[in-house]
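Presented below is the structure to which this report refers.
A short reminder: the numbers here are calculations on the coordinates, not readings from a lab. Only a predicted model underlies this, so the values are computations on that prediction, with no experimental measurement involved. With ideal geometry, Cβ positions are generated from the backbone for all residues, glycine too; neighbour counts draw on all protein chains shown.
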Amino acid sequence: MQRTDKEQNFHKKTMMHEINVLIVEDELLIAQNLSRKLKRLGYQVLDIVSSGEAALKASAEKKPNLVLMDIVIKGEIDGIETATKIYRNYGIPVIYLTAYADDKTLQRAENTGSYGYVLKPFNERELHATIRMALQKHQQQVEILESLVTAEELSKNLQLSIQRAALKIGGSEQLVLENDLHFALENQELQVYYQPLVRLQDRQIVGAEALLRWQHPKRGMISPTTFIPIAEEAGIIGPIGEWILRKACAQAKSWQIRYPAPLKISVNLSVRQFNQEGLAKIVAQTLLETDLAPELLDLELTESLLVQDSMLVVRMIDELKSIGVQLAIDDFGTGYSSLSYLQHFPFDIVKIDRSFIRSITHNPGKIAIIQAIIRMAHGLNLKVIAEGVETEEELIFLCDNHCDLAQGYLFSPPVSAESFERFLLM
Ligand code: C2E
Ligand code: CA
Ligand code: CA
């Protein structure tokens with residue numbers, strides 16, 4: 001069988017046994033036996049530790065290539081929690097060691113994005129195969145994420161030109177729209193539409209994304225992709241953003257009172273809004289006035305915001321989190337996607353952009369990217385929402401790959417509040 005250069009490098013590296021392993025196991029005899037087997041297979045054993053705390057310390061200091069982690073260990077934090085932290089904080093893949101594989105534990109391990117498990121007592125061949133597979137998988141994920149960073153630059157330029165083309169308006173027409181937009185709020189031309197968010201496990205509607213609509217008196221319905229950039233440039237996104245936030249929170253509260261299951265509401269924040277001082281205060285005040293529990297509000301931010309990486313952004317994110325709202329990273333994969341953003345900012349949700357979902361089942365590249373995103377997000381304890389699900393085939397793929405939630409025309413396009421209530425009665 002022919003190997004690609006990458007595979008050859010990988011093969012060479014694993015054959016040269018440059019792999020440094022940390023063993024986390026509180027039964028010394030088992031740990032020593034494992035260590036002997038690993039050494040016989042040519043791996044370097046950096047250390048053997050027996051608690052989650054010691055494992056975190058050793059991972060930080062010794063930077064192993066791989067951690068072999070007993071699921072049941074003594075101490076404050078168990079194996080799965082320790083593994084999640086090691087992966088989240090240091091990006092080191094973890095393989096679980098387990099005496100028996102009950103479904104519940106394995107499911108929990110799977111949900112944290114583990115790289116596999118080996119059963120005690122360890123069979124050398126199985127051990128070697130599991131380690132090789134885990135390292136290969138990890139390498140692939142790193143490469144996919146690196147390629148996303150390049151792909152996003154291209155996609156960003158493309159998006160800009162599409163936006164300009166789509167606007168199809170010269171400076172003067174833009175000015176007219178801008179002028180009209182100043183009065184849109186006053187004249188009650190803006191509306192909020194809601195698109196259901198469906199939990200894939202049981203196909204229940206568990207939330208709604210609030211999306212702006214502008215019913216222009218002469219031009220008819222204008223898309224938010226057209227008028228939001230204008231509102232941003234004209235410096236009027238602030239009041240528009242506050243308006244939709246209030247409207248959406250009040251709507252969510254009213255649904256909460258009238259229908260049994262609590263619905264979450266998602267509101268988009270634009271970059272300009274985010275750069276406004278006092279945003280967290282506005283959000284807190286709105287929640288107070290509408291009497292909506294903060295955990296029912298998701299705020300969606302795009303990656304372009306994080307690129308700024310300014311102190312203001314960091315502070316704002318912390319302030320918003322301290323209110324108790326949840327933060328989602330929107331359009332994931334199109335912007336400056338990088339694992340580091342997910343690691344460095346306290347997001348709760350990743351929304352995979354619809355360009356990745358479109359005809360996924362026919363595109364092996366997209367399949368690998370989506371699987372990597374879901375795996376990583378779960379490793380970091382984030383929920384994953386797939387956007388723009390249009391076909392049953394896409395839905396089945398997402399269910400099979402443990403995506404948490406989905407949104408798209410397959411379920412419903414964004415609809416008015418009245419129409420949305422029909423779903424709540426179903
Ligand atoms: P977004 O946040 O990514 O919102 C999702 C968009 O995908 C919505 O477009 C929605 O109608 C569309 N969509 C949902 N399911 C499907 C599907 O199955 N297939 C396809 N092809 N499209 C689907 P919409 O409502 O036109 O909004 C476009 C963008 O405008 C939003 O993208 C968001 O970036 C922005 N936007 C909308 N409302 C607001 C707002 O209140 N504030 C801010 N800052 N931006 C907003
Ligand atoms: Ca959104
Ligand atoms: Ca989106």
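For the reader, a short list of remarks on this structure follows.
- The chain - Kirkwood radius from inverse mean 1/r over Cα pairs (Å): 23.8 Å
- Kyte-Doolittle mean at least 1.0, axial Cα span of 27 Å or more - DSSP H helices of the chain: none
- When each of 37/120; 63/104; 264/321 is checked by Cα-Cα distance, pairs over 23 Å: 63/104
- The distance linking region 336-386 with region 225-240 is 28 Å (Cα centroid to Cα centroid, whole angstrom).
- Residue-averaged 222 nm ellipticity for the chain, from DSSP H runs of 4+ at -39500 (n - 2.57), nearest 500: -16500 deg cm²/dmol
- Candidates 396, 23, 367, ranked by Gaussian network fluctuation over the chain, Cα under 10 Å, top entry: 396
- A simple spin-label model places pseudo-atoms 7 Å from Cα toward Cβ; at residue 308 and residue 139 they are separated by 4.0 nm.
- Residue among 196, 260, 224 with the largest mean-square fluctuation in a Gaussian network model of the chain, springs linking Cα atoms under 10 Å: 260
- Highest to lowest packing among 310-320, 47-57, scored as the average C-beta count within 10 Å: 47-57, 310-320
- Rg of the Cα atoms in region 240-322, relative to 2.2 N^0.38 Å, amounts to 1.12.
- One chain, two ends: residue 102 and residue 410. Fully extended at 0.36 nm per residue, the span grows by 107.3 nm beyond their Cα-Cα distance.
- Full-extension gain in nm, residue 51 to residue 291, via 0.36 nm per residue minus C-alpha separation: 82.0 nm
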